[in-house]
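Asker: A single structure is presented below for examination.
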Amino acid sequence: MTIPQSFIQELLARVDVVDIVGRYVQLKKGGANFMGLCPFHGEKSPSFSVSPAKQFYHCFGCGKNGNAISFLMDHAGMGFVEAVQDLAQGVGLQVPDDDISPQERERAAAARQKQATLSDVLEKAADAYRRHLRESQRAIGYFKGRGVSGAVAKRYGLGYAPEGWRSLASVFPRYDDPLLEESGLVIVGEEGQDKRYDRFRDRVMFPIRNVKGECIGFGGRVLGDDKPKYLNSPETPVFHKGRELYGLFEARTAIREHGYALVTEGYMDVVALAQLGFPNAVATLGTACTPEHVHKLLRFTDAVVFSFDGDNAGRRAARKALDGALPHATDTRSIKFLFLPAEHDPDSFIRANGTDAFAQHVGNAVPLSRFLVESASEGCDLTTAEGRAHMASNARPLWTALPDGVLKRQLLGELAELTQLNARDLSELWNPGGGAREPARAPA
Ligand SMILES: [Zn+2]
């Protein structure tokens with residue numbers, strides 16, 4: 001997509017950087033400018049200034065500066081086009097693009113409109129769930145039992161979906177509004193319109209937000225031992241499990257402050273970790289970690305630590321996360337894997353061993369390169385030629401998925417040593433006809 005420079009100028013003249021930054025940072029008027037706590041580095045007293053006259057922000061602490069577009073890119077993790085579109089939508093401008101047809105443009109506008117409508121519906125439900133939480137001693141008791149404070153509950157917008165089949169009927173003017181079904185809040189039975197009911201009933205509710213802070217879905221957990229324990233919104237035009245990470249909106253400042261993102265397995269882990277001093281945690285939503293998840297996360301940080309429960313399921317999840325991370329493991333990034341003792345999740349581990357012990361575990365997490373080698377050699381007897389060959393065949397797709405760079409070359413050396421080959425032979429085996437080889441002989 002090519003956006004003309006003249007449009008960017010017009011857009012920047014129409015938007016107000018104070019409004020845009022103000023969506024994410026609390027700003028106070030101080031003289032001609034607005035001041036706030038810098039969202040790019042941790043600080044206790046405000047050195048982040050936003051100038052309405054210059055339409056620029058500048059941090060006297062860390063030096064970050066820019067305009068409304070760069071703010072959305074750097075802070076909200078949007079791409080350039082996405083940031084421009086977001087701003088344009090806010091001031092009612094249409095982003096010109098010579099590459100797309102008027103029909104495509106119309107379709108895209110309709111899709112954006114639909115997404116905004118669905119988000120409003122979900123936001124309204126989130127409000128209602130929050131109100132219900134205040135009235136339910138059982139739900140409050142559940143969160144208290146997990147050590148969740150009021151402040152953390154508020155930050156994550158936690159709520160409660162009451163018992164009963166049609167609680168949302170009191171929230172929306174029309175319970176048969178198709179938007180309720182489309183947003184995943186209401187299920188319509190096969191028998192037809194009469195069989196409509198709330199998807200989430202008698203569950204504590206975790207609103208899932210996108211990086212802009214809009215509610216795009218929910219996770220719900222039972223209070224007791226009912227099944228299923230966790231229930232998520234279905235895939236909708238605004239919610240795609242394979243792309244979204246729970247808690248990323250809430251964690252993004254902490255991720256910068258702590259210097260890394262901690263990826264956990266569930267929303268309760270995220271909330272519990274925030275409570276226990278690790279507000280930089282996010283979670284996948286009941287799915288394996290995908291390359292898209294990793295890509296999204298890496299817009300906010302160069303360091304990711306995946307944390308897994310110490311059971312077999314955790315081990316399998318780690319293997320999937322490795323697959324998701326490999327294409328993004330460039331030389332400047334740090335991707336690590338943390339395995340907790342078998343009986344623990346992060347919450348129980350910290351409660352049993354303390355914050356420092358957990359921080360130490362994070363520090364000692366297994367680097368991607370080592371986990372790759374471990375995964376490839378799992379079940380292979382490296383004292384036999386057959387075992388080494390098997391390991392090499394396991395390692396090939398993993399190694400191939402890595403982007404070119406020093407890490408990849410080093411791993412080739414390491415894997416060659418383990419297979420008792422030299423690196424060139426291994427490279428030749430894995431890249432027949434390609435790669436850096438000796439000059440080709442004259443064709444036969
Ligand atoms: Zn700063």
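Asker: Which one of Ile20, Ile3 is open to solvent by less than 40 Å² (accessible area, probe 1.4 Å), away from the ligand (no atom under 16 Å from the Cβ) and at pLDDT 90 or above?
Answerer: Exactly one of Ile20, Ile3 is open to solvent by less than 40 Å² (accessible area, probe 1.4 Å), away from the ligand (no atom under 16 Å from the Cβ) and at pLDDT 90 or above, namely Ile20.
Asker: When you check Leu426 against the structure, is it modelled with pLDDT of 95 or more and not assigned by TED's automatic domain parsing to the domain that holds Leu262, yes or no?
Answerer: no
Asker: Condition first: crowded, with 17+ Cβ neighbours inside 10 Å and either more than 23 Å from Val91 (Cβ to Cβ) or in contact with a helix residue (DSSP H, G or I) (Cβ under 8 Å, 6 or more places away or on another chain) (or both). Now tell me which residues in region 30-42 satisfy that.
Answerer: Phe34, Met35, Gly36, Leu37, Cys38, Pro39, Phe40
Asker: Quick one: is Val188 touching a residue at least 12 places away in the same chain (Cβ under 8 Å) and among the aliphatic types (A, V, I, L, M)?
Answerer: no
Asker: So, one more: Conditions: (1) more than 9 Å from the ligand (Cβ to nearest atom); (2) open to solvent by 10 Å² or more (accessible area, probe 1.4 Å); (3) of a type in the set (Gly, Ala, Ser). Gly61 meets all but one. Number of the miss?
Answerer: (1)
Asker: I'm told Gln420 meets every condition in (1) surrounded by fewer than 17 Cβ atoms within 10 Å (Cβ to Cβ); (2) under 22 Å from Ala318 (Cα atoms); (3) in contact with a Lys or Arg (Cβ under 9 Å, 6 or more places away or on another chain) except one. Can you identify the failing condition by its number?
Answerer: Result: Gln420 fails condition (2) only.
Asker: Given the criterion open to solvent by 30 Å² or more (accessible area, probe 1.4 Å) and within 12 Å of Thr264 (Cβ to Cβ), identify the matching residue among Asp309, Asp323.
Answerer: Answer to the check: Asp309.
Asker: Out of (1) in a helix (DSSP H, G or I); (2) open to solvent by 30 Å² or more (accessible area, probe 1.4 Å); (3) more than 28 Å from Leu285 (Cα to Cα), the odd one out for Leu415 is which?
Answerer: (2)
Asker: Only one of Arg370, Arg351 is open to solvent by 50 Å² or more (accessible area, probe 1.4 Å) and closer than 30 Å to Lys144 by Cβ. Can you tell me which?
Answerer: Arg351
Asker: Among the residues of region 289-328, write down those that are of a type in the set (A, V, I, L, M, F, W, C) and more than 15 Å from Ala261 (Cα to Cα).
Answerer: Passing the criteria: Ala313, Ala317, Ala318, Leu322, Leu326.
Asker: For region 68-99, give me each residue that is open to solvent by 60 Å² or more (accessible area, probe 1.4 Å), touching a residue at least 60 places away in the same chain (Cβ under 8 Å) and farther than 22 Å from Pro39 by Cβ.
Answerer: Within region 68-99, Asp98, Asp99 qualify.
Asker: Show the residue pairs that are 6+ apart or on different chains and have beta-carbon atoms under 7 Å apart, the first residue being within region 389-406 and of a type outside the set (Val, Ile, Thr), the second being open to solvent by 40 Å² or more (accessible area, probe 1.4 Å) and assigned to a helix (DSSP H, G or I).
Answerer: Met391/Leu418; Ala401/Pro327; Pro403/Pro327
Asker: Kindly indicate which of Ser49, Ser70 is of a type in the set (S, T, N, Q), within 16 Å of the ligand (Cβ to nearest atom), part of a helix (DSSP H, G or I) and closer than 20 Å to Thr253 by Cβ.
Answerer: When all the criteria are applied, what remains is Ser70.
Asker: Open to solvent by 80 Å² or more (accessible area, probe 1.4 Å), in a helix (DSSP H, G or I) and farther than 23 Å from Pro279 by Cα: is that true of Arg138 in this structure?
Answerer: In short, yes.
The values are calculated or read from the model by the stated rules, or taken from the named source; none is laboratory data. In this text, all values refer to a predicted model and were calculated from it rather than measured experimentally. We place every Cβ from the backbone using ideal geometry, glycine too, and count neighbours over all the protein chains shown. Only protein heavy atoms, including side chains, enter the accessible area calculation; ligands, DNA and RNA are left aside. Shrake-Rupley method; radii C 1.70, N 1.55, O 1.52, S 1.80 Å.
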